[in-house]
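A quick write-up on the structure given underneath.
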Amino acid sequence: MDELIFLGTGGGRFTTLFQSRATGGLIFNTSGHQIHIDPGPGALLRCRECKVYPFKTDILMATHSHIDHVNDLNMMIEGVTNAATRKRGVLVTVKEVMDEIVTDYHKNLLKEIIIVKSGMEVKINNLRVLAVKCSHLKSECVGFKFYTNNYCLYYTGDTSVYPGFEKNFEDVDFLIANVMRPDNNQLPHHMCTDDLISVLKNSEHEIKLVIINHFGTIMLRAGAENEAARIMKETGVKTIAAADSLIVKLNDNLLKK
Ligand SMILES: [Zn+2]
Ligand SMILES: [Zn+2]
């Protein structure tokens, strides 16, 4: 059964620093793989709390080098490699993360490192992953689209809406959108609720489930659940707000239509 486990749902400096939401990233279990995406501060601890066994992770992915996405990346490499005893696992990330975050010691532990740029597609066994363009500060950042046999899952990473952004939605069944702020409270290089609403309205494709994620302090004050409800009301697309420790069974949602 394919599933998502939200180890953390916080984003931005203040949420991260005060851990008003955890920042451990996301586990995606699919196609025989345990994928850990964006292991930010506390990822290791959150694995323990959510009963996610780091030795079982075989793919690590990091969208960009900001600390709320990569703080525990080297630590999780030690998990993937069975406490640095086996050359094992795949890391998929951008060059900036390799240059600035991953130590040489940890690079050498991994079986494979795949450096991606937006538009690049990689295949790991029977899982196809497309790196998708982000517009996010000066940082080199990508989102990821995962193509399994049954569906497409798109994790936006940190991005603002750029011209043509809605084209990324054309074949998506499940969308995890990093929506940092509520209403039309725009923060450069990120999405707010109204940004996502306008993109969903511009897209003719029907997404089965939208999960908003990566909440800043203003979003938490407004209530991410309230924002999810408004997205659903205004677009007609089923939308939920991610919560720490939330598990989403993807096939169940696929069957419900
Ligand atoms: Zn972030
Ligand atoms: Zn960022």
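With a cut-off of 10 Å between beta carbons, the residues surrounding Thr30 carry a summed charge of -2, where Lys and Arg count +1 and Asp and Glu -1. Of all beta bridges that DSSP places with both ends in segment 105-195, some 75 percent have antiparallel geometry. If you add up the charges near Val122, with Lys and Arg at +1 and Asp and Glu at -1, over every other residue whose beta carbon is less than 12 angstrom from its beta carbon, what do you get? Taking every other residue near Val122 into account, the sum is +2. The string of couplings for segment 24-33 from the Karplus curve (6.51, -1.76, 1.60, θ = phi - 60°) is x, x, 9, 9, 10, 9, 7, 6, x, 10 Hz, one whole number per residue in order, with x for Gly and Pro.
Database remark: amide H of Val116 closer than 5 angstrom to the amide H of Thr93, Val94, Lys95 (H placed geometrically; neighbours at sequence offset of 5 or more, or on other chains; Pro and chain starts carry no H).
Mean Kyte-Doolittle hydropathy of -1.0 or higher plus an axial Cα length of 15 Å or more: which whole DSSP H helices in the chain meet both?
224-235
Ranked by the mean number of other Cβ atoms within 10 Å per residue, highest first, peptides 210-219, 115-124 order as 210-219, 115-124.
Heavy atoms of the protein chains alone define the surface here; on that basis segment 1-43 has 31 Å² accessible area per residue at 1.4 Å probe size.
Here the chain has 51 percent of its accessible surface on carbon and sulfur atoms, given a 1.4 Å probe and all protein chains in place. Close amide H partners of Leu246, meaning residues 5 or more places away or on another chain with modelled amide H under 5 Å apart, are Phe6. Rounded to the nearest 5, the antiparallel percentage of DSSP beta bridges internal to segment 3-256 is 50%.
Between Lys56 and Asn251, the simple spin-label model (points 7 angstrom out along Cα→Cβ) gives 1.5 nm. Farthest toward the positive end of the dipole of segment 3-256, out of Ala177, Leu60, His205, is the Cα of Leu60, where the dipole comes from beta carbon charges about the Cα centre. Pair-distance distribution P(r) for segment 3-256, from all Cα-Cα distances in 10 Å bins starting at 0: 8, 34, 40, 16, 2, 0 percent.
With +1 on each Lys and Arg Cβ and -1 on each Asp and Glu Cβ, and nothing else charged, work out how big the dipole of segment 3-256 is about its Cα centre, in Debye to the nearest 20. Once rounded to the nearest 20, the dipole reads 500 debye.
Heavy-atom accessible area with a 1.4 Å probe sorts Arg221, Arg181, largest first, into Arg221, Arg181.
Within the chain, Cys47, Cys50, Cys152, Cys192 have no other Cys Cβ under 4.7 Å of their Cβ and so lack a disulfide-compatible partner by this rule. Modelled spin labels at Asn226 and Thr85, positioned 7 Å past Cα toward Cβ, are 5.1 nm from each other.
The values are calculated or read from the model by the stated rules, or taken from the named source; none is laboratory data. Worth saying up front: this structure is predicted, and the values here are computed from it rather than measured. Because the Cβ atoms are built from the backbone with ideal geometry, glycine has one as well, and the counts that use them run over all protein chains shown. Please note that ligands, DNA and RNA were not included when accessible areas were found on the heavy atoms of the full protein model with its side chains. Shrake-Rupley method; radii C 1.70, N 1.55, O 1.52, S 1.80 Å.
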